[in-house]
Amino acid sequence: MKRIPFLDSHTGGEPTRMLESDAPDLGSGSVAEKLERFRSHHDTFRSQVLNEPRGSDVLVGALLVAPNDPSCQFGVIYFNNVGYLGMCGHGTIGIMASLSYQGRVKPGTYRIETPVGIVEATLHAGNGSGGYPNRVSVRNIPAYRYLKQVALEVDGKTVHGDVAWGGNWFYLVHDHGLEVSPQNLEELTDFSWKIRKALQEAGISGANHQEIDHVELFSPTPEADSRSFVLCPGKAYDRSPCGTGTSAKLACLFADGSLQDGQTWKQQSVVGSVFEGQVHMDHGQMIPTITGEAWVMAEGKLLVDERDPFGEGIRI
Ligand code: PYC
């Protein structure tokens with residue numbers, strides 16, 4: 001019987017499963033190199049701990065690994081039901097709150113090596129209702145808008161979207177004509193998935209031909225500066241406002257002159273949770289910072305019986 005310790009949290013409704021011990025040995029080198037070893041040689045572990053029946057399509061995994069950069073305290077690889085993420089904003093808030101719950105971090109700033117660069121996570125003082133500090137600001141890697149208002153034919157209508165990088169690639173759409181509400185999740189999912197496919201068919205990608213695997217649909221809301229529905233690569237929607245998606249949004253606003261250095265932007269998710277975001281220019285690069293709270297919700301050991309026909313998780 002294999003036993004894999006985990007700690008689950010959620011950030012604005014979006015879950016993160018933090019794992020560390022009893023994981024495959026990914027060798028030495030940078031976190032980006034470890035991710036490649038994970039992907040090529042240990043993908044079964046991803047499916048085992050994240051896919052049904054031990055996990056679900058919504059869950060994001062966060063494997064803590066030793067950082068290569070000596071200035072970092074932690075390294076992390078994020079993954080989901082279909083593959084791997086460059087960065088994950090809600091996940092970074094989630095692991096900081098989880099480490100805080102475990103007593104491994106105190107309020108202060110920590111540097112974390114991810115496959116796409118180093119982020120800084122600040123755990124704020126003050127206890128959440130669980131009695132541990134759980135409010136976190138993530139100073140992300142530089143974000144930028146790559147393409148502006150790219151037209152796309154989807155389901156007989158034309159939408160326009162910016163292509164932006166916030167640690168993952170996003171296509172950000174305002175003129176979709178759909179209601180961004182929890183009552184409309186099926187239609188939002190369906191349309192966003194069609195957008196994703198249409199982007200592929202039209203050969204529209206991020207820089208260096210990288211696939212745009214996240215779609216964001218925005219609408220106005222009286223409760224924040226904007227509300228969004230974010231579709232993730234495995235067709236699950238993000239219950240949080242999406243940290244990397246909010247970063248991409250901030251990059252577009254900043255590029256349009258609609259957001260100033262240091263100004264706060266409140267991004268609400270389709271289920272109502274809110275991240276606060278700001279941008280700061282640093283050496284000519286636009287650096288987003290995202291703030292939110294996470295809550296621990298389960299800890300234990302996943303059990304994998306070697307005779308279990310679904311021991312490797314259900315891969316679709
Ligand atoms: O918060 O960056 C994020 C994220 C990416 C995918 C799911 N959440």
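At-a-glance table
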item: Residue within the range 72-81 that is surrounded by 22 or more Cβ atoms within 10 Å (Cβ to Cβ) and more than 30 Å from residue 304 (Cβ to Cβ) present; result: no
item: In the range 63-83, residue nearest to residue 316 (Cα to Cα) [restricted to those that are within 11 Å of the ligand (Cβ to nearest atom) and part of a strand (DSSP E or B)]; result: 79
item: Residue within the range 302-312 that is touching a residue at least 40 places away in the same chain (Cβ under 8 Å), in contact with a helix residue (DSSP H, G or I) (Cβ under 6 Å, 6 or more places away or on another chain) and open to solvent by 30 Å² or more (accessible area, probe 1.4 Å) present; result: yes
item: Residue list for the range 230-251, restricted to those being open to solvent by 10 Å² or more (accessible area, probe 1.4 Å) and either closer than 16 Å to residue 289 by Cβ or more than 10 Å from the ligand (Cβ to nearest atom) (or both); result: 235, 249
item: Boolean, residue 104 is open to solvent by 50 Å² or more (accessible area, probe 1.4 Å), more than 16 Å from the ligand (Cβ to nearest atom), among the charged types (D, E, K, R) and touching a strand residue (DSSP E or B) at 6+ places or on another chain (Cβ under 7 Å); result: no
item: Scope the range 2-28; condition open to solvent by 80 Å² or more (accessible area, probe 1.4 Å) and modelled with pLDDT under 95; matching residues; result: 22
item: Filter result for the condition that a residue is more than 16 Å from the chain's Cα centre (by Cα) and buried (at least 23 other Cβ atoms within 10 Å of the Cβ), over 49, 31; result: 31
item: Subset of the range 253-281 [open to solvent by less than 10 Å² (accessible area, probe 1.4 Å) and either out of contact with any helix residue (DSSP H, G or I) (no Cβ under 9 Å at 6 or more places or on another chain) or over 16 Å from residue 89 (Cα atoms) (or both)]; result: 259, 268, 269, 270
item: Hits in the range 107-139 (condition: open to solvent by less than 20 Å² (accessible area, probe 1.4 Å), within 29 Å of residue 33 (Cβ to Cβ) and in contact with a helix residue (DSSP H, G or I) (Cβ under 8 Å, 6 or more places away or on another chain)); result: 112, 113, 114, 119, 121, 123, 136, 138
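The values are calculated or read from the model by the stated rules, or taken from the named source; none is laboratory data. These numbers come from a predicted model, not from an experiment. As a convention, Cβ positions derive from the backbone with ideal geometry for all residues, glycine included, and neighbour counts pool all protein chains shown. Note: areas computed on protein heavy atoms with side chains; ligands, DNA, RNA excluded. Shrake-Rupley method; radii C 1.70, N 1.55, O 1.52, S 1.80 Å.
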